[in-house]
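First comes the structure, then the notes that go with it.
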Amino acid sequence: HAVLKAMDEVPREEFVEAGTRDEAYEDVALPIACGQTISQPFVVAYMTEQLQLRPHHRVLEIGTGSGYQAAVLSHLAAEVVTVDPFRTLADRARLRFKRLARDNVEVLTADGFDLPDQVGHFDRIIVTAAMEEVPAPLQDRLSRDGLLLAPVGPQTGVQVLRRIRHRGSEFVTEDLLEVRFVPALKGIARQL
Ligand code: SAH
């Protein structure tokens, strides 16, 4: 099973805070720097599975956080670009990818609501922070037959994991399951 094998290859203990290392292999979300969280392993597995990755895919992740999800993706796709507006998180994730030789991951200190044009298009987009709506400019970064996965809903409470497929000239939407993510923040400073 490709997804579980990829998760097996990423040491989650390297992505959690020193104080929670003994919980690194429990199926729970854990707090990380900047008031954020590393997702629950079940949710990482489920979302990765639902992305239907192929080895040639170029993938965008919105919400680097610890870098754990991106590291898992890097075992299943050709190239991963992951963005987070918190410099502290982006810098730490970059160090982890270097230490673990994940050479096909690029970390950008950037806002997922305002991506630099030059990042281009992606076969797969995974959003790991809750959005009230999937912004059209983000959806437009999908290649043909591309697939986007995002937790959509209010900042507090239950959100739904939505999958959007770019088919021909239209976007086909499907709701998968209820999830709970930290909110995607708008307009926050990059030097935090
Ligand atoms: N995928 C991460 C967990 C993400 S937690 C992991 O594997 O550890 C949600 C992340 O989204 C946080 O790191 C937060 O800083 C980031 N985030 C919040 N607002 C964002 C935005 N506007 N653009 C990109 N990332 C954002």
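The values are calculated or read from the model by the stated rules, or taken from the named source; none is laboratory data. Nothing here was measured: the structure is a model prediction, and the numbers come from that model. Here Cβ is always computed from backbone atoms with ideal geometry, including for glycine, and neighbour counts include all displayed protein chains. The area values use the complete protein model at the heavy-atom level, side chains included, leaving out ligands, DNA and RNA. Shrake-Rupley method; radii C 1.70, N 1.55, O 1.52, S 1.80 Å.
Side notes on the structure shown:
- Residue-level accessible surface for Tyr25, protein heavy atoms, 1.4 Å, Å²: 150 Å²
- Antiparallel bridges, percent of DSSP beta bridges restricted to segment 48-167 (to nearest 5): 25 percent
- Taking the C-alpha atoms only, the angle from helix 41-50 to the longest principal axis of the chain is near 30 degrees.
- Principal-axis tilt of helix 87-99 within the chain, Cα atoms, nearest 10 degrees: 70 degrees
- Highest mean packing comes first when the peptides 32-42, 155-165, 70-80 are listed by Cβ atoms within 10 Å, giving 70-80, 32-42, 155-165.
- The stretch between Asp8 and Val160 holds 52.0 nm of extra length on full extension. This uses 0.36 nm per residue minus the Cα-Cα distance.
- Value of [θ]222 nm, deg cm²/dmol, for the chain, DSSP H segments ≥ 4, -39500 (n - 2.57) each, nearest 500: -6000 deg cm²/dmol
- Each part gets one Cα centre, and for segment 104-134 versus segment 1-78 those centres are 16 Å apart.
- Relative contact order, percent, segment 112-156 [alpha-carbon distance under 8 Å, six or more residues apart]: 47 percent
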